[in-house]
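Notes to accompany the following structure.
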Amino acid sequence: MGTAQFIEWTIKSVVIFLAGAGGFAYLTLMERRVLARIQTRIGPNRAGPAGLLQPIADGIKLIFKEELIPDRADKVMFVLAPIVTVFPAMVIWAVIPWGTSVTVFGYEIKLYLADVDAGVLYLTAVASIAVYGIVLSGWASNNKYALLGGLRSSAQMISYEIAMGLSLVVPIMLAGSMSLVDIVEAQSDWWYAIKNPIAFIIFLIAALAEVNRAPFDMPEAEQELVAGYHSEYSGMKFALFFMAEYIKMIAVSAMAATLFLGGYKLPFVEIPSFLEPLVMLAKVIVLLFGMIWVRATLPRFRYDRLMAFGWKVLLPLALFSVFITAVIMVIW
Amino acid sequence: MAFPERARVQEIARGMWITFRSMFEKPVTIQYPEQKRPVRTRFRGRHVLNRYENGLEKCIGCSLCEAACPANAIFVEAAENTDEARYSPGERYAKTYEINMLRCIYCGYCADACPTQAITLEDNYELSYTDRRDAIYTKEMLLVPVPTDGLPTPQVTEPGKFTRAIPEMEDPAS
């Protein structure tokens, strides 16, 4: 590991961090405008041209807000919880490939931070760490409703991680490798979403539940639980929770694009390497639009139905899809 | 929640198609201040002190509006009209007429009480001020501009012409 390698890693990490933060900011704007158009109204369009400075205005507002820590809350945990929640959301980006490589000034730079041999395992492991932050925040708030929200949310996330993990087994089997770059390269002919649509749909649903997004957003339901596990948070800490949720949303869309929609490749077509990140970006944006569309349409699941759905419907379906994929692979 | 979910999937798909279609409808937002909704008839906005067509003010300084106002927002001081300096037909006019817009509740009781229909509530709702003192609207701010056929007040009139506060009506039913 030479200095050049170290500098390359540092620069890529900074780029990932900035892209994550910028992506989160403009995702909030995109969500508000798309939700608004679905509801036949215009979203924020006053702050800057077409509302493009709205996320900055929101950020400044949150910085200026008073930061309250409840009296008998566990201070260390209270401050630590949003950090523990944001951290895994950022770290997932390390293995997502945005292209093969570009050659700049004679250096060949690979468009991913790390090609881990067990990339998919890394993804599921990091996604599980995010649960800790939510439980911590619910506990540290010293508020019964926040505690209940935290417990519900963590139970929901753990349940849907099982279905998500099982649906992730399908691309691993089809590609024969757990490395994300290998999985993308193996999708040069047909995307895995076409080869096994059940797994793709299970992944999308489980990912929505994993991110606590509508229609699975009972833990943060404003109407029922007074904002649930982050009801006691204000100002920058709340901004971190918000950030964690949206960055996880983008990360999960990127995972779906990589593992099921062919990542940076188009089916059967060779594209020049500088277009590959754009292809990936387009897929991520389409998936994000889908998530926002679902949020605008569907009412919230009641918590017991949500859990029943995860255990009694998604888990057997995921097992079934793995079984079918294995059988078909053996036959062909 | 067992497998009657099969039927629900079609319903979810139909619902999502409807929301997707609604993205292409024209939004119903009215972009204030570039676009403004027209006010309805009998909308009660800012007060206006009216004039007759010859330019004389309708307000005779009787203070019935001040008495009727439930919020004590109006302040009236009356003075005598002379023929050299006539402000309104009749004996009196309002020398000082002030409405405190912060107290006013825009109920319209003053307009109901006025015997000459001098004070009416019109369409203007864009009233904002940065100082509390600017909220007190004086007579100059409330008077309508002089109509084209009339002369500005105070006018010089011939004696004996404007003796009645309320003009003769040809047909009392109109």
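Averaging over all projection directions, the Cα-based convex hull of the stretch B:47-142 occupies 6.3 nm² in the image plane. If r is the Cβ-Cβ distance from A:L319 to A:V269 and R0 is 41 Å, what FRET efficiency results, to the nearest 0.05? Given R0 = 41 Å and the Cβ-Cβ separation, E is 0.75.
Among the cysteines of chain B, B:C59, B:C62, B:C69, B:C104, B:C107, B:C114 have no other cysteine beta carbon within less than 4.7 Å of their own.
Counting every alpha-carbon pair across the stretch B:101-141, the share separated by more than 15 Å comes to 51%. For GluC sites (Glu not before Pro), the sites in the stretch B:76-174 that DSSP calls loop and that have at most 11 other Cβ atoms within 10 Å are B:E84, B:E126, B:E168, B:E170. Each of B:C110, B:C62 has some number of other Cβ atoms within 10 Å of its Cβ, and from fewest to most they run B:C62, B:C110. Rounding to the nearest 10 and keeping the result within 0 to 90°, find how far the Cα-based axis of helix A:276-297 lies from the longest principal axis of chain A. For A:276-297 against chain A, the angle is about 40 degrees. Normalised by the number of residues in chain A, the average gap of Cα pairs under 8 Å and 6 or more apart makes the relative contact order 23 percent. When the chymotrypsin sites (Phe, Trp or Tyr not before Pro) in the stretch A:237-296 are filtered for DSSP coil states and for at most 16 other beta-carbon atoms within 10 Å of their beta-carbon, the remaining sites are A:F268, A:F274.
Ignoring lysines fewer than eight residues from A:K265 along the same chain, the ones with Cα atoms less than 19 angstrom from its Cα are A:K110, A:K195, A:K283.
Residues whose amide H comes within less than 5 Å of that of B:R92, counting only those at least five positions distant or on another chain, are B:N81 (H built at 1.01 Å from N in the peptide plane).
Please work out whether chain B counts as rounded, prolate or oblate from its C-alpha gyration tensor, where a ≥ b ≥ c are the square roots of the eigenvalues and a/c under 1.5 means rounded, while otherwise a/b larger than b/c means prolate and anything else oblate? The shape class here is prolate.
Each residue of the stretch A:174-186 is assigned a 3J(HN,Hα), and the resulting list reads 5, 8, x, 8, 9, 6, 5, 5, 5, 5, 5, 5, 6 Hz, derived from the Karplus form 6.51 cos²θ - 1.76 cosθ + 1.60 (θ = phi - 60°), x at Gly and Pro. Amide H to amide H, with H built 1.01 Å from N, B:L49 comes under 5 Å of B:L143, B:V144, counting only residues 5 or more places away or on other chains.
The three principal axes of the Cα atoms in the stretch A:69-331 give end-to-end lengths of 59, 48, 32 Å, sorted in falling order.
Across chain B, the longest piece that holds none of the trypsin sites (Lys or Arg not before Pro) lying in DSSP loops with up to 11 other C-beta atoms within 10 Å covers B:43-160.
Shown for A:D182, B:D134, A:D304: other C-beta atoms within 10 Å of each C-beta, ranked fewest to most, produce the order A:D304, B:D134, A:D182.
Give a quick list of trypsin sites (Lys or Arg not before Pro) in the stretch A:1-87 that DSSP marks as loop, anything other than H, G, I, E or B, with at most 16 other Cβ atoms within 10 Å. The qualifying sites are A:R41, A:R46, A:K65, A:R72. Mean projection of the Cα convex hull over all viewing directions, computed for the protein assembly as shown: 37.8 nm².
Residues in the stretch A:83-95 carry Karplus couplings, in order, of 5, 5, 7, 6, 4, x, 4, 6, 6, 4, 5, 5, 9 Hz; the curve used is 6.51 cos²θ - 1.76 cosθ + 1.60 with θ = phi - 60°, and Gly or Pro positions show x. In order along the stretch B:68-74, phi translates into HN-Hα couplings of 7, 5, x, 9, 6, 8, 9 Hz, rounded to whole numbers, per the Karplus curve 6.51 cos²θ - 1.76 cosθ + 1.60 with θ = phi - 60° and x for Gly and Pro.
Put in line by how crowded their Cβ is, counting other Cβ atoms within 10 Å and starting with the fewest, A:V15, A:V330 read A:V330, A:V15. Treating each Cα of the stretch A:256-299 as an identical point scatterer and ignoring solvent, apply the Debye formula and state log10 I(q)/I(0) at q = 0.17, 0.32, 0.34 Å⁻¹. So the normalised log intensities work out to -0.52, -1.09, -1.15.
The coefficient of translational diffusion for the stretch B:17-86, derived via Stokes-Einstein from the alpha carbon Kirkwood radius under 37 °C and 0.692 mPa s, stands at 186 µm²/s. Summarising the amide proton neighbourhood of A:S101: residues at separation of 5 or more, or on other chains, whose placed amide H is nearer than 5 Å comprise A:L111. Quick one: angle between helix A:197-210 and the longest Cα principal axis of chain A, in degrees between 0 and 90, rounded to 10, please. Roughly 30 degrees between the two axes. Angle between the Cα long axis of helix B:5-21 and the longest principal axis of chain B, 0 to 90 degrees, nearest 10? Its long axis makes an angle of about 40 degrees.
Readers should treat all values here as calculations from the given coordinates under stated rules, not as data from a laboratory. Since this is a predicted model, take the numbers as computed values, not measurements. A quick note on method: Cβ atoms are made from the backbone with ideal geometry, for glycine too, and the neighbour counts reach across all protein chains shown.
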